[in-house]
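Peer 1: Can you read through this structure? Questions will come right after.
The values are calculated or read from the model by the stated rules, or taken from the named source; none is laboratory data. Since the model is a prediction, treat every value here as computed from it, not as a measurement. Here the Cβ positions follow ideal geometry from the backbone for every residue, glycine too, while neighbour counts run over all protein chains shown.
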Amino acid sequence: LDFKLIYVRWKEMKINQKSIETLMVLSSEMISIAKMGDTAETLSSATFIFALFKDHYNFFGGENYINRDRFVLADSSLSALYYSAMNMFGFDIAGIDLRNYCCLGSKTPFSPNPKITEGVDLYSGSSGEGISGAVGLALASVALAEKFNAQKFNIINNYTFCLCNDISLMNGMAQEAISLAGTLKISRLILLCNQTRTTKDGILEETCRDNLKKKFKAMGWNVIVTNGQSYTWSSLAIARAKRSSKPTLIIFKNLSIRFFTLTKLSQVRLDGISPPYPIVSSEQITISILFKFLSHDNILPIFDTFFKPPKNSTGGIKMFIFLFIDNVS
């Protein structure tokens, strides 16, 4: 381990933690206003996305710079977090664009589009297409490197990062592209998997029991499992992936998402959609950040104090997400 790097990260943790919490609150506010997106996925991905953008993602030089890194968002429900990170790191996305998230004609549509938003590399489309597109971008970089790179003079040495989740990796199109990447040993391809073990239909084990680590190793990939809620370990995991001679899957396996029902109603549907996206307000997220310093016994009384259901509440259930951080050895 690079203990010097760990010490530097520890010294910087205060400002880093503030930045991460800013991403959490800003993204949740966008989702709450637009009523589109997944707050749970956003909160569980904010830490390692910040580590990627701050320490590893080389986006300098503008979109016409051929050797810059590429980033592909395979899950559009995380687009609020993507736009928030782009705004924080100086892309051409202003605060008004974040407020107009998912509005007609805005620069921040639900599915990022390179024709609309400067800095977006690929339109991810439906589930699985984002991963396939990331493999294609990485393969194109390999082809350019073989043509133009000379010994000790690497003109093309960029990386391709792809943010995905359990749902994206279940897609057959994605699996075919992943198998090809492992066969061709595209070493500068890195998948960032936010593994919450949940899907839109419930617990992942009810529909898929694949062992991702063994599955990807069998297809010729390097696999790293780390704590996605730790900025230090997330940054170190990405740095280690960049040194691999194989494509790398980083599994951020550290969150167990629990749902607390705030209004105890009999219906299980919200606005006719089953199951609903977990959408909460930025105020609730701000308070939930404080909950990380409280014991489990103190949570429910605070819920009763702050989140009393409105009078004459009808239709659906309201859910609030609390993140329990599981330490990963």
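Peer 1: Would you check if ASN58 is at pLDDT 90 or above and more than 16 Å from GLU29 (Cβ to Cβ)?
Peer 2: Values: at pLDDT 90 or above: yes; more than 16 Å from GLU29 (Cβ to Cβ): yes.
Yes; evaluated as a whole, the condition is true for this residue.
Let's see how each residue does on (1) touching a Leu at 6+ places or on another chain (Cβ under 8 Å); (2) under 15 Å from ASN165 (Cα atoms); (3) charged (D, E, K, R):
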site: ARG197; (1), (2), (3): yes, yes, yes
site: ILE203; (1), (2), (3): no, yes, no
site: CYS208; (1), (2), (3): no, yes, no
site: PHE216; (1), (2), (3): yes, yes, no
site: TRP233; (1), (2), (3): no, no, no
site: ARG243; (1), (2), (3): no, no, yes
site: THR248; (1), (2), (3): yes, yes, no
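Peer 1: Could you check THR39 against (1) over 26 Å from ARG240 (Cβ atoms); (2) modelled with pLDDT of 90 or more; (3) polar (S, T, N, Q) and say which number it fails?
Peer 2: (2)
Peer 1: Where residues in the range 29-80 are among the polar types (S, T, N, Q) and surrounded by fewer than 24 Cβ atoms within 10 Å (Cβ to Cβ), which of them is nearest to GLY125 (Cα to Cα)?
Peer 2: SER76
Peer 1: Which pairs turn up if I take residues in the range 70-90 that are among the β-branched types (Val, Ile, Thr) and look for partners that are in a helix (DSSP H, G or I) with beta carbon separation below 8 Å, at least 6 apart in sequence or on another chain?
Peer 2: Here the result reads VAL72/GLY130; VAL72/ILE131; VAL72/GLY133; VAL72/ALA134; VAL72/LEU137, each pair linking the range 70-90 to a residue that is in a helix (DSSP H, G or I).
Matching residues to (1) among the polar types (S, T, N, Q); (2) within 19 Å of ALA74 (Cα to Cα):
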| site | (1), (2) |
| --- | --- |
| PRO112 | no, yes |
| SER126 | yes, yes |
| GLY130 | no, yes |
| GLY133 | no, yes |
| LEU137 | no, yes |
| ALA140 | no, yes |
| LYS152 | no, no |
| SER179 | yes, yes |
| THR183 | yes, no |
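Peer 1: Determine whether the range 222-230 contains at least one residue that is modelled with pLDDT of 95 or more, closer than 15 Å to PHE50 by Cβ and in a strand (DSSP E or B).
Peer 2: No, that holds for no residue.
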